[in-house]
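*Asks:* Once you've had a glance at the structure underneath, I'll fire off some questions.
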Amino acid sequence: MTVSRFRTILFTVTALVSLVGLADATYLTVQAFTGETLSCGGSPDCFRVLGSSYARVGGVPVALFGAVAYFSVFAFATFAAFEYARARTFLILTIGAMFLATLWFLYVQHFVLHAYCRYCLFSAAITFLLAGLVIALPSSQEQ
């Protein structure tokens, strides 16, 4: 398998994984705007996290930022699969920012709120997977 083909496969997998994250973040965004109750399996932790002051920035649900980020990853990975050079750079920067934000939110859940949201942890796992996929990408100089 050539490096170019391997790179294209990784970009495709990245795009598909980002759609899973987009579904999760969209679900949380809709819940935040409609006030509907999540199916958290009766866990009060989920409600404590999603109802905290950390769940919104300037009145906007953090999940909306996540949905935009996941959609951006999907778009950049798709363009990068078709060898748009700038898309690869934007993909790496976006996933890097998502990784740092995820570390912050995990810190808040563990050390500040002492509560965990299943959907948030799922999003964190997706972000870590995306970061791993980007790290696995061969450099753009390799043919």
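*Asks:* Along the Cα→Cβ direction, 7 angstrom out, place labels at TYR27 and TYR107. What is the inter-label distance in nm?
*Replies:* Here the answer is 2.8 nm between the modelled labels.
*Asks:* Further, regarding this structure: How many nm is it between the label spots at VAL68 and SER39, if each spot is 7 Å from the Cα in line with the beta carbon?
*Replies:* Distance between the two pseudo-spin positions: 3.0 nm.
*Asks:* Right, something else. What's log10 of I(q)/I(0) for the range 74-143 at q = 0.12, 0.16 Å⁻¹, Debye sum over Cα points only, no solvent?
*Replies:* Computed log10 I(q)/I(0) values: -0.39, -0.61.
*Asks:* Could you check which residue among LEU100, LEU16, LEU129 shows the biggest mean-square fluctuation in a GNM of the chain with a 10 Å Cα cutoff?
*Replies:* LEU100
*Asks:* Where the only charges are on Cβ atoms (+1 Lys, Arg; -1 Asp, Glu), what is the dipole of the range 3-136 about its Cα centre, to the nearest 20 debye?
*Replies:* Values: 7 positive and 4 negative charges, 59 e Å.
Around 280 debye, computed over the range 3-136.
*Asks:* Which cross-chain or sequence-distant (5 or more) residues have an amide H under 5 Å from the amide H of ARG56, H modelled 1.01 Å from N in plane?
*Replies:* Hits under the 5 Å cutoff: VAL62.
*Asks:* On to the next question. I'd like the orientation of helix 118-136 relative to the chain: the angle between its Cα long axis and the longest Cα principal axis, in ° from 0 to 90, rounded to 10.
*Replies:* Orientation of helix 118-136: about 20 degrees from the principal axis.
*Asks:* So what's Rg/Rh here for the range 1-77, counting alpha carbon atoms and using the Kirkwood radius for Rh? Please list the in-between numbers first.
*Replies:* On the way: Rg = 16.0 Å, Rh = 14.0 Å.
Dividing the radius of gyration by the Kirkwood radius yields 1.14.
*Asks:* Here is a further query. For a Förster distance of 22 Å, can you work out the FRET efficiency between the beta-carbons of LEU100 and VAL20, rounded to the nearest 0.05? Don't jump to the answer; show the numbers that get you there.
*Replies:* Numbers: r = 20 Å, r/R0 = 0.93.
In this case the efficiency is close to 0.60.
*Asks:* What ranking of PHE74, PHE111 emerges when the number of other C-beta atoms within 10 Å of each C-beta is taken as an exposure proxy, fewest first? Numbers along the way, then the final one.
*Replies:* Working: PHE74 19, PHE111 8.
Listed from fewest to most nearby Cβ atoms, that is PHE111, PHE74.
*Asks:* Just want the answer: with Cβ charges of +1 for Lys and Arg and -1 for Asp and Glu, which residue in ALA87, GLY21, VAL62 is farthest toward the dipole's positive end in the chain?
*Replies:* Toward the positive end, the furthest listed residue is ALA87.
Coordinate-derived values only; no laboratory data. Note that the coordinates shown come from a computational prediction; the quantities given were computed from them, not determined experimentally. Cβ coordinates were reconstructed from backbone atoms using ideal geometry, including for glycine residues, and neighbour counts include every protein chain displayed.
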